[in-house]
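Scroll down for the structure; my scribbles are underneath it.
The values are calculated or read from the model by the stated rules, or taken from the named source; none is laboratory data. Only a predicted model underlies this, so the values are computations on that prediction, with no experimental measurement involved. Here the Cβ positions follow ideal geometry from the backbone for every residue, glycine too, while neighbour counts run over all protein chains shown. Remember, those area values only see protein heavy atoms, side chains included, never the ligands or the DNA or RNA. Shrake-Rupley method; radii C 1.70, N 1.55, O 1.52, S 1.80 Å.
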Amino acid sequence: MPEERQMTISQFLDIIESKVEANGIFYIQKQNSSLTLEFEELVGDVERHIPWATDAFGKMPDAVNFWMGDGRAITSLHKDHYENLYCVISGQKTFTLIPPTDQAFVYYDEFQVSVFKENDSGRFEIIDDLETGKVPWISIDPLNVDPLKYPLYRHAHPVTIVVEAGDMLYLPSLWFHHVQQSHGCIAVNFWYDMEYDVKYVYYKFVESVIKTVS
């Protein structure tokens with residue numbers, strides 16, 4: 001897990017614009033409906049929901065998040081239990097998407113939960129969270145897959161999508177996604193809670209078959 005820091009937006013912008021030197025890769029990525037809870041001054045510039053999506057999903061979004069950061073910040077391959085409307089305001093995001101029907105080709109492993117922490121010498125240490133222990137996480141980097149270590153991945157159907165400023169991507173729930181961004185990219189996304197209907201039942205069925213076979 002990344003080290004979390006609190007700072008003013010002006011301090012953050014000075015780092016992103018290289019006006020001051022700072023150790024680390026800085027990224028506003030808190031997923032607690034950060035736009036409405038931590039950036040209230042911006043709320044008036046952004047819709048609180050996407051009307052057609054609210055009509056289609058029959059509910060208001062659970063969270064509206066604000067994203068901005070360093071071009072070196074990369075989000076590893078994962079999936080979410082949300083219908084995701086991702087809107088790029090400035091810059092661009094590159095999504096590598098893998099459909100949930102390909103989950104048999106997406107490898108998981110057990111990883112120790114840890115947190116990066118900058119020490120007094122300016123170096124980052126990895127501090128293990130022994131209380132939480134290990135959790136399952138996807139072990140594949142879709143941009144650099146070792147075919148000998150992950151032979152089944154060759155059967156997957158990854159799709160790369162570049163979302164430019166002014167574009168909106170609908171990312172369905174349970175789709176695997178890996179995300180890159182241009183430096184200083186600004187985005188807002190709307191998370192609508194997924195329905196635990198036949199789609200989820202099918203996903204869990206396939207997941208159970210994979211576990212049984214493997």
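Points to keep in mind about this one:
- Accessible-area ranking of Trp137, Trp52, Trp67, largest first, probe 1.4 Å: Trp52, Trp137, Trp67
- Over region 1-41, the alpha carbon radius of gyration divided by the compact-protein estimate 2.2 N^0.38 Å works out to 1.24.
- Accessible surface calculations at 1.4 Å, restricted to protein heavy atoms, place region 28-120 at 51 Å² per residue.
- Summing Cβ point charges (Lys, Arg +1; Asp, Glu -1) relative to the Cα centre of region 67-135 gives a dipole of roughly 320 debye.
- Å³ per residue enclosed by the Cα convex hull of region 121-214: 226 Å³
- All Cα-Cα separations within region 68-179 were binned at 10 Å from zero, giving a P(r) of 12, 35, 33, 19, 2, each value a whole percent of the pairs.
- Database remark: amide H of Leu143 closer than 5 angstrom to no amide H (H placed geometrically; neighbours at sequence offset of 5 or more, or on other chains; Pro and chain starts carry no H).
- Protein-only accessible surface at a 1.4 angstrom probe places the residues His183, His78 in the order His183, His78, largest first.
- For region 199-208, the Karplus equation 6.51 cos²θ - 1.76 cosθ + 1.60, evaluated at θ = phi - 60°, returns couplings of 4, 5, 4, 4, 4, 5, 5, 4, 4, 5 Hz by residue, with Gly and Pro reported as x.
- Charge tally around Trp67: other residues with Cβ under 11 Å, Lys/Arg +1 each, Asp/Glu -1 each, net +2.
- When +1 charges are put on Lys and Arg Cβ atoms and -1 charges on Asp and Glu Cβ atoms, the dipole computed for the chain relative to its Cα centre reaches about 680 debye.
- Overall form of region 129-181 per C-alpha gyration tensor (a/c, 1.5; a/b vs b/c): oblate
- Shape class for region 1-107: oblate, because the ratio a/c of the largest to smallest gyration tensor axis (alpha-carbon atoms, square roots of eigenvalues) is 1.5 or more and b/c is at least a/b.
- Anisotropy class assigned to the chain is oblate, per the alpha carbon gyration tensor with a/c at or over the 1.5 cut-off and a/b no larger than b/c.
- Note on Lys19: aspartates and glutamates with a C-alpha under 19 Å away, same-chain residues under 8 apart excluded, are Asp70.
- Cα lying deepest toward the dipole's positive end in the chain, options Leu171, Val209, Thr160, charges on Cβ: Val209
- Region 77-118-region 131-188 distance, computed between alpha-carbon centres (Å): 5 Å
- Per-residue SASA remark: Tyr150, around 30 Å² accessible (1.4 Å probe; ligands, DNA and RNA not included).
- Carbon + sulfur, % of accessible area of the chain - ligands and nucleic acids excluded, 1.4 Å: 55 percent
- Mean residue ellipticity, 222 nm, helices only, the chain: the sum of -39500 (n - 2.57) across DSSP H runs of n ≥ 4, divided by residue count and rounded to 500, is -4500 deg cm²/dmol.
- Unit charges at the beta carbon, dipole of the chain: most positive-side option, Val64, Gly122, Ser76: Ser76
- All-pairs alpha carbon distance profile, region 26-82, 10 Å steps from 0, percent: 20, 43, 33, 4
- Test item: Cα-centred dipole of region 122-214, Lys/Arg +1 and Asp/Glu -1 on Cβ, debye: 400 debye
- Simple rule: put +1 on each Lys or Arg Cβ and -1 on each Asp or Glu Cβ in the chain, find the dipole, and look at Leu97, Thr36, Gln181; the Cα lying farthest toward the positive end is Leu97.
- Close Lys pairs in region 89-214, defined as Cα atoms under 23 Å apart and 8 or more places apart or on different chains, number 6.
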